[in-house]
Structure formats: structure tokens, C-alpha cells
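Each remark here refers to the structure printed beneath this line.
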Amino acid sequence: MKNFSDNHTLFIKKIKRETRIVWAFRILLLVGLLSIWELFARLNIIDPFISSSPTKMATTLVELFKENNMLYHVLITLYETILGFIIAVGFGFIIALLLWWSTRLRKILEPYIVVLNSLPKIALGPIIIVWCGSGSKAIIFMAVLIGIIVAIITMLNGFLSTDKDKILLLESMGASQLQIMLKLVIPGNIPTFISMLKISVGMAWIGSIMGEYLVSKAGLGYLIVYGSQVFKLDLVMATTLILCILATLMYALVSLLEKKLVKH
């Protein structure tokens, strides 16, 4: 028992050491890329007006936060993204369950889901604006539209791939379709659900920023469009950096949820 404990301790130490090494190289890579970018901009190897530079981006961000503009735009985009994410994930999960439950319904709706998935959502922009107006509703609708189809397809594929032998075993024991769904299909697809959440994070950000490109008076997408129109590329690059940070944090929260679910 003692040997097993020692081996287990060594294994944990090895895993932690590997994690520290990976994070160290990630940080060094980021610092190295930013340093090269700054150096090239200062030496005019690249045009700092077009490509900006890390110091200019940092200065722009500080100025925006001092003016209380950036926080306002960040909160607007976060609200639209998170609400679109929740709606898309919730309805996508429910619709996928309904399609798994009814084979006939799945056969009827499957061609329409395929068409909607392949349709460029940006083409529906003008229609969405007419339907929802020029405020946050249109942006949230765009985020939902982009995310829900992916959520449906991902979860439906997971539900349909549930072990047929296990379903047959439960049916032979007299289990109803509802019991099979609650006891086997849903619990057995927790990993698929987590994967769907991770994909939906990206889809929600794409949808909200795309919506803000089309119609918005505030938000990070609005700042990017405004910055490109007036050739304030420092603003464009700084806002893009904020988007990357927020998307990474949202993805990290989903990963944390994954660890909690796996643990329990």
C-alpha cells in the first residue's frame, strides 16, 4: 500500500511539473511574440500605423477605461453574448431531445436544419433588423441563430449514438422511453454536452460581434467598426485583444464546469 501511495505521489508530481512547464512555455511564447511585434514596430520593419503595437494598444485601453467608455462597451457585448449563449444552448438541447424522441419529427425537420446550418447567417441581417429593430434584440437574435443550429446538431448526434444494446436492455426490462431518456441518454451524453458548450462559446461571440457589425450603437463590435472607419487601428487592435481575453475567460468557465461534472 505504501509503494502504491509513493507511486501515486510521484505521478501527481509529474503531472504538476508538466503543467508548470506547459504554462511557462505558453507565457514565454506570448511574451516573445509581443516583444517581436513591439520591436518591429519601433524599427519600422512593419508599419505601426497599420499593425499598431503592444504599447499603443495598452495606451489606448488605459485611455478608454479612464473615460469609462470601454467598461460600458464590454458590459453591453457580454450581456448580448451570454444571453444569446444561454438561449441557444437551452433551446438547442431541448429541440435535440425532441428530435431524438420522435423519429418522424426528425425526418421531417432534418432537411431544414441542414439548410439553416449551411445558410450564411449574415444574409439574414436585414431581415433580422426589420423583425427585431436596431437594438440589442437583433444582436441577441443573431447570436442565437448562429449558435442554436450547432447546438442541435451536436447534441442530436450524441443522443443518436447512445449504445443501442443498452437501450435494448432497458426496453427488455420494461423501461419507458422517458425512463431511457432520463436514465441513459441524457447522463450518457454529458461529455457531448460539454463539447457543445465549448463550441457554443465561440458561436455566441461570433453571433454577437457579427450582429454588432450590422447594427449597434455600443459594444466591442461597434468599437471595431468605428475604429476601422476612422482609421484608429490602435482602437481596433485593442478591442480585438479584449475580445480574445473575454472569450478565453468564458471558455475557461466551461472547462471549470467540465472538471466539476467529471469529479462528481
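The values are calculated or read from the model by the stated rules, or taken from the named source; none is laboratory data. This is a predicted model, so every value here is computed, not measured. Please note: Cβ atoms are built from the backbone with ideal geometry, for glycine as well, and neighbour counts cover all protein chains shown.
So for region 212-230 (the condition being aromatic (Phe, Trp, Tyr), in a helix (DSSP H, G or I) and under 30 Å from Ser161 (Cα atoms)), does at least one residue qualify?
no
Can you tell me which residue in region 136-166 is surrounded by the fewest Cβ atoms within 10 Å (Cβ to Cβ), limited to those that are more than 22 Å from Glu110 (Cβ to Cβ) and touching a residue at least 40 places away in the same chain (Cβ under 8 Å)?
Among them, the one singled out is Phe141.
Taking the condition assigned by TED's automatic domain parsing to the domain that holds Thr248, more than 20 Å from Ala88 (Cα to Cα) and of a type in the set (A, V, I, L, M, F, W, C), does Ile180 pass?
yes
Go over the candidates Lys107, Lys166, Lys137 one by one and state the one that is basic (Lys, Arg), within 15 Å of Gly84 (Cα to Cα) and out of contact with any Ser or Thr (no Cβ under 6 Å at 6 or more places or on another chain).
Exactly one of Lys107, Lys166, Lys137 is basic (Lys, Arg), within 15 Å of Gly84 (Cα to Cα) and out of contact with any Ser or Thr (no Cβ under 6 Å at 6 or more places or on another chain), namely Lys137.
With respect to the numbered conditions (1) surrounded by 11 or more Cβ atoms within 10 Å (Cβ to Cβ); (2) small (Gly, Ala, Ser); (3) not assigned by TED's automatic domain parsing to the domain that holds Val150, which one is the sole condition not fulfilled by Ala24?
Single failed check for Ala24: (1).
Given (1) surrounded by 13 or more Cβ atoms within 10 Å (Cβ to Cβ); (2) touching a Phe, Trp or Tyr at 6+ places or on another chain (Cβ under 8 Å), where does Leu71 come up short, assuming only one miss?
(1)
Are there any pairs, at least 6 apart or on different chains, whose C-beta atoms fall under 9 Å, with the first in region 39-52 and more than 15 Å from Leu233 (Cβ to Cβ) and the second exposed (fewer than 12 other Cβ atoms within 10 Å of the Cβ), and if so, which?
Listed by first residue and then by second, the contacts come to Leu39/Ile45.
Would you call Lys198 touching a residue at least 12 places away in the same chain (Cβ under 8 Å), out of contact with any Asp or Glu (no Cβ under 6 Å at 6 or more places or on another chain), part of a helix (DSSP H, G or I) and of a type in the set (D, E, K, R)?
Yes.
Among the residues that make up region 167-176, is at least one of them touching a helix residue (DSSP H, G or I) at 6+ places or on another chain (Cβ under 8 Å), on the phi < 0 side of the Ramachandran plot and touching a residue at least 60 places away in the same chain (Cβ under 8 Å)?
No: zero hits.
Give me a count of the residues in region 167-177 that are exposed (fewer than 13 other Cβ atoms within 10 Å of the Cβ), of a type in the set (A, V, I, L, M, F, W, C) and not in a helix (DSSP H, G or I).
Number of matching residues: 1.
What single numbered condition from (1) modelled with pLDDT under 90; (2) out of contact with any helix residue (DSSP H, G or I) (no Cβ under 6 Å at 6 or more places or on another chain) fails to hold for Asn157?
The failed condition is (1).
I'd like to know if region 113-132 contains one or more residues that are closer than 30 Å to Leu243 by Cα, of a type outside the set (D, E, K, R), in a helix (DSSP H, G or I) and touching a Cys at 6+ places or on another chain (Cβ under 9 Å).
No, that holds for no residue.
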